[in-house]
Amino acid sequence: MNFYSVRGGTPLSGEIEIAGAKNAALPILAASIMTDETVTVENVPDVSDIRAIISAIESIGTKVVKTSPHTYEINGSHIVDGPVDDDAVRKIRGSYYLIGALLGKYKHAEVSLPKGCNIGLRPIDQHVKGFRALGAEVRIEHGMIVADAAELTGSHIYLDVVSVGATINIMMAASRTKGLTIIENAAKEPHVVDLANFLNSMGAQIKGAGTDVIRIRGVQSLHGTDYSIIPDQIEAGTYMFAAAATRGDVTIHSIIPKHLESLTAKLREIGCQIEESDDAVRVVATRRLSNTHVKTLPYPGFPTDMQPQISVVLGLSSGTSIVTESIFESRFKYVDELIRMGAQIKVEGNTAIIDGVEKYSGTSIVAPDLRAGAALVIAALAADGVSQIHDIQYIERGYEDFPGKLRTLGADIVVLEEADGSTDDLRAQIHRVS
Ligand code: EPZ
């Protein structure tokens, strides 16, 4: 087991490039199997969740060739009809996108139920409701979700909750039905739009992605395409808040500023200087930041995937801040670790009341999930002294070369190897991994 060792206290400074969006790449790679022609996908981030979805599509007979560090050629013409039950499938949430893709293409899907980050209950009732509305019979048996249809027909579907996953899954299946499907109360996230653009480049007819009503006219078949994935707004946001927490000066390239509006607005509100250009954003923090209130909401609201990172920054800001998590119920698990670093935070239900402290102090902490793990690294970068961050496999699910990119900004972070693989045993060999 590896862990990060971070010596905090250096303001981050410099320039970095953002990778492609993990949460766009997962459905796009799954949807690549919906044609028998070859699909080329560029700007795919090199993170473990992506390696897992690639392994899952390979396990059913898809031919995948990695032609460059971020480019894959995918050919789904030899898919074997049968259960998708690769080890990798069970590890990641995004594997449920194979249900929509396989159901749309073959009218039959049998996929292991996903796990994903442990951030609260993750029901899939809205996905199932959508598949059933399209005419599929859906059942859950032996840990698998099985969907079958003699024929899929367009339908009018109102989502009871705004769900990224359900919107994406229904969009995939509906693109290969007879007739028109209308999804109301659809998610508007940039990765929903990216998947729609990708499917349209394969010949699908999807309109309205990015609004809360999406219209999908089913087509007979989809064809090959070349497609480049949008930049990862959560990776970008994480570096923006790392700059803020360390009172640094960081320019983040290869981004779409529009996707970051809720983040730039909050950073400005608490006292950061933000400069935007066409595809970059510079975040400068020269003094102690001030407090604010934040509530996570579906896009274009403040993203739940940035809630731990902003809380770490507000933990160092003057005054009292209130952070309300309205999407996932267990997303404050990092707070106990942050309190061990000196934060003053009280969690009541889905709200964190944060009294800003002057400094965090380094200690040994454990990442409870992907985004919270990244947030704890930010806390360590801002803290006095040395911290060790354990269970970094969560962070590696979604951040490409996190320590390497942070080092280009001047951070003192190294990857070390645990002595006995246990997160409780903090005796580490001084063996530098990267
Ligand atoms: C996606 O998860 C992302 N995952 C999450 O990112 C992200 O936090 C989340 O969207 C919200 O933006 C991927 O894209 C792989 P939802 P997803 O369906 O699709 C409820 C990360 O760190 N709901 O939009 O699973 C659900 O409980 C990850 O990269 C139902 O009730 O999220 C939640 O309260 C973590 N029934 C809300 O909707 C359903 O059928 C939003 O969930 C589906 C969801």
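Just to check your reading of the model, which residue among A196, A149, A173 is open to solvent by 10 Å² or more (accessible area, probe 1.4 Å) and away from the ligand (no atom under 11 Å from the Cβ)?
Selected residue: A149, the only one of A196, A149, A173 that is open to solvent by 10 Å² or more (accessible area, probe 1.4 Å) and away from the ligand (no atom under 11 Å from the Cβ).
Quick check on my filter: what residues within region 119-146 are of a type outside the set (G, A, S), away from the ligand (no atom under 16 Å from the Cβ) and closer than 30 Å to I395 by Cβ?
M144
Give the residues of region 76-125 that are in a helix (DSSP H, G or I), at pLDDT below 80 and within 20 Å of V164 (Cα to Cα), sorted by residue number.
V89, R90, K91, R93
Of all helices (runs of 4 or more DSSP H) completely enclosed by region 161-265, which ones contain at least 1 residues that are under 23 Å from the mean Cα position of the chain (by Cα) and among the acidic types (D, E)?
Per the criteria, 190-201, 233-245.
State which residue is nearest to A30 (Cα to Cα) when the search covers only region 178-193 and only residues that are open to solvent by 10 Å² or more (accessible area, probe 1.4 Å) and in contact (Cβ under 8 Å) with a residue 40 or more places away in the chain.
Only one residue tops the list, namely H191.
Give T304, T296 a once-over and let me know the one that is within 22 Å of the chain's Cα centre (by Cα), within 26 Å of I16 (Cα to Cα) and surrounded by 15 or more Cβ atoms within 10 Å (Cβ to Cβ).
After ruling out the rest, the residue left standing is T304.
Considering each residue of region 2-43, count those that are more than 15 Å from Y97 (Cα to Cα) and either of a type in the set (A, V, I, L, M) or open to solvent by 10 Å² or more (accessible area, probe 1.4 Å) (or both), and give that number.
Number of matching residues: 25.
Quickly run through region 205-215 and pick out the residues that are open to solvent by 10 Å² or more (accessible area, probe 1.4 Å) and of a type in the set (A, V, I, L, M).
I206, A209, V213
With region 358-425 as the region, which helices (runs of 4 or more DSSP H) entirely inside it contain at least 3 residues that are surrounded by fewer than 17 Cβ atoms within 10 Å (Cβ to Cβ)?
402-408
Quick check on my filter: what residues within region 152-167 are more than 16 Å from the ligand (Cβ to nearest atom) and open to solvent by 10 Å² or more (accessible area, probe 1.4 Å)?
Across region 152-167, the qualifying residues are T153, G154, S155, H156.
Considering only region 131-143, I want to know if a residue exists there that is in a loop (DSSP other than H, G, I, E, B), within 20 Å of D85 (Cα to Cα) and open to solvent by 20 Å² or more (accessible area, probe 1.4 Å).
yes
Of the conditions (1) assigned to a strand (DSSP E or B); (2) open to solvent by less than 20 Å² (accessible area, probe 1.4 Å); (3) not hydrophobic (A, V, I, L, M, F, W, C), Q309 satisfies every one except a single condition; which number is it?
(1)
Which of the residues spanning region 247-269 are open to solvent by less than 10 Å² (accessible area, probe 1.4 Å) and not aliphatic (A, V, I, L, M)?
Matches in region 247-269: G248, T264.
Please determine, by comparing only the residues of region 79-101 that are closer than 18 Å to V128 by Cβ and open to solvent by 10 Å² or more (accessible area, probe 1.4 Å), which one is nearest to the chain's Cα centre (by Cα).
Once the filter is applied, the top-ranked residue is R93.
The values are calculated or read from the model by the stated rules, or taken from the named source; none is laboratory data. Computed from a prediction, not measured in an experiment: that's the story for all the values here. A quick note on method: Cβ atoms are made from the backbone with ideal geometry, for glycine too, and the neighbour counts reach across all protein chains shown. Accessible surface is based on the protein model in full, side chains and every heavy atom, while ligands, DNA and RNA are left aside. Shrake-Rupley method; radii C 1.70, N 1.55, O 1.52, S 1.80 Å.
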